[in-house]
Amino acid sequence: MPEWILQILIVSIIVPSLGYLGFMLKKIIDAKIDAWLAASDIKKKEEVRAAFSDALNKLSNAVFTSVMETQRTFVAAIEKAGELTTAQKEEAFQLSYTRVKEIMSNASLEIIQNATGSLEQLIKAQIEAQLPTVKVIVAQSVTPSCPAVIQEE
């Protein structure tokens, strides 16, 4: 199969699928937030919902940034020398995971942990979901029109 067909499939199928998965994830998490705040007043719910939405957006940007950094530096250097080994893929994954946690503030991470109960699994799933998109972007040497992630304090 020609490489351009694979790239079109990735961009036309996987990228929209990520949007749908994000929508479904938000729906599930909204239900968890509602259960978590069942005894709270409406204003408190809206504040928590806004804080969670903000934290989730920051997480999404942090994941994209960390995966892009890892792909453009670590992975690209290894691929020039040859194929990535399983151990090197795991190391690249860990570099991205660590970078996400460095970028995110403790407050944002805590909000996500409290709402989802599984911060590590969410970060890992988002990294895996971003890999195909980032690989296509790097392969095409396109700079994405994504807002810069500013490291939180």
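The values are calculated or read from the model by the stated rules, or taken from the named source; none is laboratory data. These figures come from a predicted structure and were not determined experimentally. Neighbour counts are summed over all protein chains in view; Cβ atoms, including those assigned to glycine, are modelled from backbone coordinates with ideal geometry.
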Q. For the range 111-138, which residues satisfy the criterion of being without any contact (Cβ under 8 Å) to a residue 24 or more places away in the chain and surrounded by fewer than 16 Cβ atoms within 10 Å (Cβ to Cβ)?
A. Gln113, Ser118, Glu120, Gln121, Ala125, Glu128
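Being of a type in the set (Ser, Thr, Tyr) and under 17 Å from the mean Cα position of the chain (by Cα) is the filter; apply it to the range 66-110 and report the residue that is surrounded by the fewest Cβ atoms within 10 Å (Cβ to Cβ).
Within the range 66-110, the match that is surrounded by the fewest Cβ atoms within 10 Å (Cβ to Cβ) is Thr98.
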Q.
Exactly one condition in (1) at pLDDT 90 or above; (2) under 22 Å from Ile28 (Cα atoms); (3) touching a helix residue (DSSP H, G or I) at 6+ places or on another chain (Cβ under 6 Å) is false for Ile112; which is it?
A. (1)
(Q) Please verify whether Ala87 is within 25 Å of Glu46 (Cα to Cα) and in a helix (DSSP H, G or I), treating the condition exactly as stated. (A) no
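Residues are listed down the side, and each one gets a yes or a no for (1) under 30 Å from Ile5 (Cβ atoms); (2) in a helix (DSSP H, G or I); (3) at pLDDT 85 or above:
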position: Lys45; (1), (2), (3): no, yes, no
position: Thr65; (1), (2), (3): yes, yes, yes
position: Glu69; (1), (2), (3): yes, yes, yes
position: Glu120; (1), (2), (3): no, yes, yes
